[in-house]
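The values are calculated or read from the model by the stated rules, or taken from the named source; none is laboratory data. Note that the coordinates shown come from a computational prediction; the quantities given were computed from them, not determined experimentally. We place every Cβ from the backbone using ideal geometry, glycine too, and count neighbours over all the protein chains shown. Keep in mind that these areas ignore ligands, DNA and RNA; they rest on the heavy atoms of the full protein, side chains included. Shrake-Rupley method; radii C 1.70, N 1.55, O 1.52, S 1.80 Å.
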Number of protein chains: 2
Amino acid sequence: MHTKNINTHLTEIKDYFKAAISVDCVIFGFDENELKVLLIESDLKEYKGKWSLLGDIVHPDEDIESAAYRVLRERTGLEDVFMEQVQAFGGLNRHPAGRVVTIAYYSLVNIQHVELKTLQNELHWHAVKDIRQMAFDHKDILATCYQRLQHKVIDQPVGFNLLPKKFSLRDLQNLYEAILDVKLDRRNFRKKFFAMDYLVDLNEEEQDVRHRPARLYKFNQDKYDLQHKKSLGF
Amino acid sequence: MHTKNINTHLTEIKDYFKAAISVDCVIFGFDENELKVLLIESDLKEYKGKWSLLGDIVHPDEDIESAAYRVLRERTGLEDVFMEQVQAFGGLNRHPAGRVVTIAYYSLVNIQHVELKTLQNELHWHAVKDIRQMAFDHKDILATCYQRLQHKVIDQPVGFNLLPKKFSLRDLQNLYEAILDVKLDRRNFRKKFFAMDYLVDLNEEEQDVRHRPARLYKFNQDKYDLQHKKSLGF
DNA sequence: ACAAAAGTGTTGGCCTTACACCCATGC
DNA sequence: GCATGGGTGTAAGGCCAACACTTTTGT
């Protein structure tokens with residue numbers, strides 16, 4: 001039996017250096033109590049009018065993670081935001097131009113900080129729950145990344161990345177309810193977060209609300225980094 | 001500002017079809033109460049004598065998942081076993097032959113069913129906890145896949161894939177203790193698994209043990225598939 | 001009879017859930 | 001003063017962790 005292994009035999013490999021690697025970024029934001037994702041209109045004739053994720057080919061001298069950060073930076077102006085690889089998508093005919101294997105990342109951004117780098121208004125935030133059709137296999141990619149996010153926020157306090165620096169507990173709860181698509185009990189939610197001790201009371205209040213203003217908090221990243229990272233368990 | 005997007009602009013792509021895609025399989029087995037992984041000796045001069053994962057280039061007409069299954073089949077003779085993609089590894093100089101982005105998979109196999117397809121005895125099962133050095137970035141890949149496995153067995157009953165069809169509760173506990181690297185309470189462990197109702201009592205006993213023989217069970221996959229897949233929570 | 005591992009229940013503490021009233025502010 | 005959402009505590013039940021003795025088999 002003849003078996004090959006790229007890790008032991010090199011001679012036949014040269015013929016195979018013909019694929020392209022891309023990254024696709026699922027950029028999540030939170031606005032108007034909805035989870036949003038940043039999409040771009042596709043110009044490709046095959047997908048005319050459909051929305052697609054932000055992505056690009058990985059350059060020859062570029063790490064895949066760097067490529068993902070580059071895409072993010074070029075489109076949103078943001079750096080140093082939360083980003084995580086999800087997985088590769090490598091179906092045979094997923095891209096009309098040829099064999100393109102894409103690596104999917106998702107990132108969590110404060111939607112207020114984003115300055116869209118747009119040419120003809122072709123970039124838009126879409127409510128995740130309203131998205132029906134997308135170009136390529138991007139609906140799959142989005143769904144997989146969204147699932148990953150849902151698991152992640154249960155496990156670790158990453159949701160803060162989607163909020164402004166100062167936020168109320170109501171904001172935080174709205175965020176979790178939007179991501180997980182559940183209703184949560186207000187008192188128990190507060191208890192849980194105060195018990196975790198990651199919130200810093202800023203002794204400030206909301207402005208311009210026409211009811212009793214809520215206290216504002218910020219997230220204490222350092223405290224979280226120190227402690228054993230235990231599950232939030234919703 | 002000029003930004004590119006593979007999902008909207010195609011003209012410049014051709015130049016980039018020069019990378020290679022590979023898959024690397026972390027094939028886990030369980031034997032002598034230890035978690036093992038199947039490795040092959042590297043022939044590459046750069047990694048002479050080091051052990052590496054089983055991997056291969058993804059063929060042009062081949063899905064990445066199919067490629068992973070092919071590697072598994074060619075080396076172990078197995079098909080239809082548990083396998084899951086973990087993530088891509090795309091560091092710049094991870095392969096001496098050029099730009100090779102690899103997609104890592106792990107699979108769980110019954111080590112008794114494996115017939116190693118070996119040419120010069122270059123394939124071996126290694127205890128995961130004893131592995132020190134590996135070729136390429138394979139130690140990273142293994143570590144990432146092992147972590148994923150640890151989370152997975154807590155979440156879903158996939159451990160059965162590593163055991164023979166018939167097993168005792170002691171076998172099952174040994175497996176979980178090996179994977180999670182913890183000691184578990186025997187009574188609570190039994191309670192938990194009986195409560196989940198995934199085990200079928202075969203009304204058989206161990207043979208050839210020099211103490212009281214344990215009852216044998218099998219896993220009821222169908223029952224699991226039907227129920228809501230709830231966490232095992234160790 | 002002895003060695004070795006299998007098998008079996010109960011209790012206490014903790015964590016989770018469910019639930020209702022008063023408070024501060026803007027209009 | 002009224003409408004709106006903010007803020008707070010407690011009790012009951014379920015879940016998990018800790019723990020020791022008896023049973024079965026081989027030698």
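Laid out as a table, the results:
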quantity	calculated
Net charge dipole size for the protein assembly as shown [Lys, Arg +1 and Asp, Glu -1 on Cβ; Debye, nearest 20]	1300
Square roots of five times the Cα gyration tensor eigenvalues for chain A, Å	38, 22, 16
Per-bin percent of Cα-Cα distances, the range A:19-155 [5 Å]	2, 10, 21, 25, 23, 13, 5, 1, 0
The range B:196-226: trypsin sites (Lys or Arg not before Pro) in DSSP coil with no more than 10 other Cβ atoms inside 10 Å	B:210
Geometric extent, Cα atoms of the protein assembly as shown - Rg, Dmax (angstrom)	24.7, 78
Largest-first ordering by accessible area, 1.4 Å probe, given options A:32, B:79, B:204	A:32, B:79, B:204
Per-copy distances of the residue B:213 label point, shortest first, in nm (7 angstrom along Cα→Cβ)	7.7
A/B buried area, accessible surface, summed, 1.4 Å probe, Å²	4900
Accessible surface, 1.4 Å probe, highest first, among residues A:148, A:75	A:148, A:75
Innermost chain B residue relative to the axis carrying B onto A, by Cβ distance in angstrom	B:88, 2
Selected from A:152, A:36, A:45 as most flexible by GNM, with chain A as the system and alpha-carbon contacts under 10 Å	A:45
Largest-first ordering by accessible area, 1.4 Å probe, given options B:126, B:113	B:113, B:126
Top of A:18, A:165, A:192 by mean-square fluctuation, Gaussian network on chain A, Cα under 10 Å	A:18
Exposure of residue B:58 as accessible area (Å², to 10), given a probe of 1.4 Å and all protein chains	10
Estimated D of the range A:166-226 in µm² per second, where Rh is the Kirkwood radius over Cα pairs and Stokes-Einstein applies at 20 °C, 1.002 mPa s	171
Point-charge dipole on Cβ atoms (K/R +1, D/E -1) for chain A, about Cα centre, debye to 20	780
Neighbouring partner chain Cβ atoms per residue of A:32-43, average, 10 Å criterion	1
Net dipole in debye of the range B:195-234 [+1 Lys, Arg Cβ; -1 Asp, Glu Cβ; about Cα centre; nearest 20]	200
23 Å Cα-Cα threshold exceeded, pairs from B:165/B:191; A:4/B:139; A:165/B:152; B:129/B:165	A:165/B:152; B:129/B:165
Where labels lie 7 Å past Cα in the beta-carbon direction, separation of residue A:194 and residue A:177 in nm	1.9
Residue-averaged 222 nm ellipticity for chain B, from DSSP H runs of 4+ at -39500 (n - 2.57), nearest 500	-8000 deg cm²/dmol
Proximal aspartates and glutamates to residue A:218, defined as alpha-carbon separation beneath 15 angstrom and excluding residues fewer than eight positions away on the same chain	A:171, A:197, A:201, A:204, A:205, A:206
Cβ-derived FRET efficiency at R0 51 Å, residue A:63 paired with residue B:112, nearest 0.05	0.80
Near-label residues of the range A:136-173 by backbone N, under 19 Å of a point 7 Å along Cα→Cβ of residue A:204	A:160-173
Exposure of residue A:211 as accessible area (Å², to 10), given a probe of 1.4 Å and all protein chains	120
Length-normalised contact order of the range A:19-155 in % [C-alpha pairs under 8 Å, at least 6 apart]	34
Protein accessible area in the protein assembly as shown, 1.4 Å probe - carbon and sulfur %	44
Cβ-based charge dipole, chain B, positive-most Cα from B:100, B:44, B:234	B:234
Inter-copy separations for residue A:155, label at 7 Å along Cα-Cβ, nm, ascending	0.6
Per-residue average of Cβ from other chains inside 10 Å of A:51-64	5
Partner chain coverage, peptide A:86-97 - average Cβ within 10 angstrom	5
1.4 Å probe accessible area per residue over chain A, in Å²	51
